[in-house]
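The values are calculated or read from the model by the stated rules, or taken from the named source; none is laboratory data. Keep in mind that what you see is a predicted model, and the values were worked out from it rather than measured. Note: ideal-geometry Cβ built from the backbone for every residue, glycine included; neighbour counts use all protein chains shown. Ligands, DNA and RNA are excluded from the accessible area calculation, which covers all protein heavy atoms including side chains. Shrake-Rupley method; radii C 1.70, N 1.55, O 1.52, S 1.80 Å.
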Amino acid sequence: VQLQASGGGSVQAGGSLRLSCAASGRTFSNNAMGWFRHAPGKEREFVASISWNGGVTSYADSVKGRFTVSRERAKNTVYLQVNSLKPEDTAVYYCAASRYSTPRSASSDYTYWGQGTQVTVSS
């Protein structure tokens, strides 16, 4: 089972990126999916999560209104649109698959993790 995250890069403050996470090896159509990030010197933190059918989403307060999580179940892929980026958004972004069907913010609720994609925002 693999979760392949992509779409990261280096952008200036105010810029946007679209992160993708493609799953292979099994389907996660009945699982909630999530995005987390890990910045140097900080703990890994929850960013966003989406329910099994895409009908319910959850966001960290720090990204509400700027980030949007979505998914294409048929493609076994989840996305994170990140807009109005700030330097403090700089981190490695990881996607993960939960063992639950509804959005979760605790990393312990996730079973499978991708390898991460770097997002760097300069001021």
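For residues in the stretch 24-38 being crowded, with 17+ Cβ neighbours inside 10 Å and modelled with pLDDT of 95 or more, which is farthest from V121 (Cα to Cα)?
Restricting to residues being crowded, with 17+ Cβ neighbours inside 10 Å and modelled with pLDDT of 95 or more, the top hit is N31.
Identify the single condition in (1) more than 11 Å from the chain's Cα centre (by Cα); (2) open to solvent by 80 Å² or more (accessible area, probe 1.4 Å) that G9 does not satisfy, given that it satisfies every other one.
Just one mismatch for G9, condition (2).
Return the total of residues in the stretch 72-103 being within 12 Å of the chain's Cα centre (by Cα) and either open to solvent by 40 Å² or more (accessible area, probe 1.4 Å) or free of Cβ contacts under 8 Å to residues at least 12 places away in the same chain (or both).
Matching residues across the stretch 72-103 total 2.
What pairs come out if I take residues in the stretch 51-63 that are surrounded by fewer than 14 Cβ atoms within 10 Å (Cβ to Cβ) and pair them with residues that are of a type outside the set (K, R) whose C-beta lies under 8 Å away, six or more apart or interchain?
V56/I50; V56/T102; V56/P103
Being among the β-branched types (V, I, T), within 18 Å of F67 (Cβ to Cβ) and part of a loop (DSSP other than H, G, I, E, B) is the filter here; which residues of the stretch 90-104 pass it?
So in the stretch 90-104, the residues among the β-branched types (V, I, T) come out as 90, 92, 102.
Next, from what is left, pick out any that are within 18 Å of F67 (Cβ to Cβ): 90, 92.
Hit for the stretch 90-104 is T90, nothing else.
For the stretch 1-63, which strands (runs of 3 or more DSSP E) that fit wholly inside it have 2 or more residues that are out of contact with any Gly (no Cβ under 7 Å at 6 or more places or on another chain), under 12 Å from C95 (Cβ atoms) and of a type in the set (A, V, I, L, M, F, W, C)?
Output list reads 17-24, 33-38, 45-50.
Identify the single condition in (1) assigned to a loop (DSSP other than H, G, I, E, B); (2) buried (at least 22 other Cβ atoms within 10 Å of the Cβ) that V69 does not satisfy, given that it satisfies every other one.
(1)
List pairs: first in the stretch 105-123 and part of a loop (DSSP other than H, G, I, E, B), second open to solvent by less than 80 Å² (accessible area, probe 1.4 Å) and aromatic (F, W, Y), Cβ under 6 Å, 6+ apart or cross-chain?
Within 6 Å, the pairs are S105/F46; G114/Y94; G116/Y94.
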